[in-house]
Every structure is written in structure tokens, then in C-alpha cells.
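What follows is one structure encoded as C-alpha cells, with my remarks underneath.
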Amino acid sequence: MSLTTERAGIDQITGNARDAIGAGVLPEPGTDRNVVISLRDLNVHYGRFHAVGDVNLDIPRNRITAFIGPSGCGKSTVLRSINRMNDLVPTAKVDGTIWYHDRNINGRDIDPVMVRRRIGMVFQKPNPFPKSIAENILWGAKINGFTGNKAELVESCLRRAALWDEVKDKLDASGLALSGGQQQRLCIARALANNPDVILMDEPASALDPISTLKIEDLMRELARNFTIVIVTHNMQQAARVSDQTCFFSLNEQRMGFMVEASPTTELFTNPKDRRTEDYITGRFG
Ligand SMILES: Nc1ncnc2c1ncn2[C@@H]1O[C@H](COP(=O)(O)OP(=O)(O)OP(=O)(O)O)[C@@H](O)[C@H]1O
Ligand SMILES: [Mg+2]
């Protein structure tokens with residue numbers, strides 16, 4: 001699949017025109033484009049520290065993109081830029097453009113809360129709210145003024161997160177009373193309740209045992225049928241197992257992170273384009 005074809009039409013529009021088109025509104029999830037997110041010349045500074053330099057990347061729809069690379073190379077920083085979570089870091093400054101479909105997510109009129117609804121996030125450490133399982137799911141829906149059937153929403157999100165069978169008899173129990181793997185699936189279910197288009201996952205299985213890890217991986221494959229997923233992982237086998245596209249990030253002498261290559265996953269692990277990728281995946285570096 002070409003990652004760039006879909007951009008061609010969009011790139012003919014100037015940045016200003018695109019800002020105007022994007023005034024305040026984000027496209028509905030599932031808008032039929034092959035590329036959901038495009039990073040163009042993404043640079044992130046924390047104060048004077050240049051943490052990430054010149055990342056250009058297309059994230060294809062209904063696919064899993066994995067970020068790999070040594071600690072500190074900026075994987076989480078890039079991920080957080082995609083849904084404006086870096087707005088919450090006072091010293092962070094994000095330059096370049098992040099296109100969500102044809103909208104610049106940092107555009108003047110774009111509401112970051114709306115961005116985070118469309119582009120949800122699941123963190124390394126499961127972080128359910130100290131509330132019941134059902135309330136965890138309904139939390140975002142309540143804020144967003146959901147008026148539909150709450151019981152149906154809870155069930156459908158828990159089913160899609162492959163947790164329903166394990167919790168259907170204890171929906172009023174605390175989310176914190178679940179196992180780590182169940183808590184992580186609850187967090188995924190909670191993200192789904194916001195009707196997202198994209199789900200960002202920062203090392204979602206690194207705190208889990210191997211069985212729970214495989215469950216999360218199976219779930220990711222299932223979710224990729226309807227969502228676009230970006231996952232950061234330190235586990236190269238995991239990237240190879242679950243992702244369709246893998247991006248390898250590295251660090252320069254100033255400890256600035258940059259993307260070395262983004263390739264179809266099988267290609268990156270069997271026939272990497274760049275010598276530095278080969279050194280990393282064969283364990284000669286990092
Ligand atoms: N809030 C922050 N303030 C200042 N510097 C930060 C902040 N967050 C990250 N950094 C720095 O930015 C660089 C990239 O960090 P980031 O967390 O994105 O790396 P990473 O690739 O996710 O690493 P890891 O694999 O260890 O999670 C690092 O040098 C880090 O110290
Ligand atoms: Mg990280």
C-alpha cells in the first residue's frame with residue numbers, strides 16, 4: 001500500500017488554506033483515507049533540549065505502527081505529540097505539522113480535548129480510575145454528554161476490549177480490584193468508549209506477564225480491524241508479531257532522537273534499509 005498517494009491531493013493545498021478548512025472541526029472517525037496521521041518535520045524541544053528532530057512519517061489507517069529504539073530516543077515524545085499530550089508538559093515545544101486526515105491538530109481553532117477523544121491513549125502502567133468497572137467506561141461518555149443506553153455502551157466496550165466475559169458479573173466492583181492485564185484491557189475499553197479513530201499505546205504490555213501480554217497483542221490485532229493503532233515497544237518480538245509498519249528511532253551525539261527508517265515490519269526485520277537499523281535489531285547496538 002502506498003503511504004503517500006493519499007497525501008498527494010492534500011499536499012497541493014497550502015498550510016494556511018488547510019488551517020482555514022480545518023477551522024475548529026475534526027473529521028469523523030473512519031473517514032475513508034488510507035493515511036490517518038502524517039507527521040511533517042516534527043521537532044520537539046523540552047526547554048533548550050532538542051529531544052526529537054525532523055520526523056516525517058505517515059501512519060496508515062487500520063494498521064498497527066510500532067515505534068522501536070533505545071531508551072531516550074523520543075518514542076514517547078513523538079507519541080505524545082500525536083494527540084497533544086505534550087501540551088501538558090510546560091517546557092515542551094512542538095514544531096512542524098501533525099496532520100490528522102486534512103486537519104493540522106495544532107491548528108489555532110482545534111480543541112485539544114477533541115483531539116484526545118479522536119486519538120486516544122493507553123499508558124504503560126494501567127491507570128483505571130478508583131471507581132467501578134462500569135463507571136470507568138462511562139466516565140468519558142458522561143463528560144461528552146452521552147445520551148444512549150449506558151449498559152449497552154459498557155457491554156460493547158468491554159466486549160471489544162476482550163474483557164466482558166471476565167467481568168460481566170462484577171461491573172460494580174472497583175477497576176482497581178482487577179489483575180494488571182485486566183486493568184490494562186479496562187483502560188483500552190475506557191478509551192474505546194470515547195469513539196476514537198486512533199489509539200496510541202505507550203508500552204502497553206511492558207508491566208504484564210507473558211499470558212496477559214499475548215492477550216493484549218491479540219486484542220490489538222482485533223482492534224486494528226476498526227482502529228488505527230500506534231504502539232511503542234521495547235520488545236522487538238512484539239513489534240514483529242503485531243505491527244504492520246515499524247519505525248526505528250535512534251539518538252545522535254547530542255542525544256537528539258530521530259527516525260532512522262519506517263518500513264513494512266517484515267522488511268524492517270529481515271531486510272532493513274539502514275545499517276543502523278540492522279545493528280540495532282541484531283543487538284550490535286542499544
Ligand atoms: N517532561 C520532560 N522534560 C524534559 N525532558 C524530557 C521530558 N520527557 C522526556 N524528556 C527527554 O526527552 C528525551 C526523549 O524522551 P522519551 O521519553 O520520549 O524517550 P523514549 O524513547 O520514550 O524512552 P524510553 O524508551 O526510556 O521510554 C529524553 O532525553 C528525555 O530525557
Ligand atoms: Mg518512553
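Please treat every number below as a calculation from the coordinates, not as lab data. Keep in mind the model is a prediction, meaning the values are calculated, not measured. Virtual Cβ from ideal backbone geometry, glycine too; neighbours counted across all protein chains shown.
The figures follow:
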| quantity | calculated |
| --- | --- |
| Search result, residues across the range 240-252 that are over 15 Å from SER76 (Cα atoms) and within 13 Å of ligand 1 (Cβ to nearest atom) | ASN252 |
| Test: residue in the range 67-82 that is more than 8 Å from ligand 1 (Cβ to nearest atom) and on the phi > 0 side of the Ramachandran plot | no |
| Count of the range 70-84 residues which are within 24 Å of PRO196 (Cα to Cα), more than 9 Å from ligand 2 (Cβ to nearest atom) and out of contact with any helix residue (DSSP H, G or I) (no Cβ under 6 Å at 6 or more places or on another chain) | 3 |
| Residue within the range 193-207 that is within 16 Å of ligand 2 (Cβ to nearest atom) and surrounded by fewer than 20 Cβ atoms within 10 Å (Cβ to Cβ) present | yes |
| Some residue of the range 180-201 being farther than 30 Å from HIS101 by Cα and in contact with a Ser or Thr (Cβ under 7 Å, 6 or more places away or on another chain) | yes |
| Whichever residue in the range 227-275 is within 15 Å of ligand 2 (Cβ to nearest atom) and among the small types (Gly, Ala, Ser) and, among such residues, is nearest to the chain's Cα centre (by Cα) | ALA239 |
| Filter result (among the aliphatic types (A, V, I, L, M) and closer than 25 Å to ARG61 by Cβ) within the range 164-213 | ILE188, ALA189, ALA191, LEU192, ALA193, VAL198, ILE199, LEU200, MET201, ALA205 |
| Residues within the range 209-235 that are crowded, with 21+ Cβ neighbours inside 10 Å and within 16 Å of ligand 1 (Cβ to nearest atom), tallied | 4 |
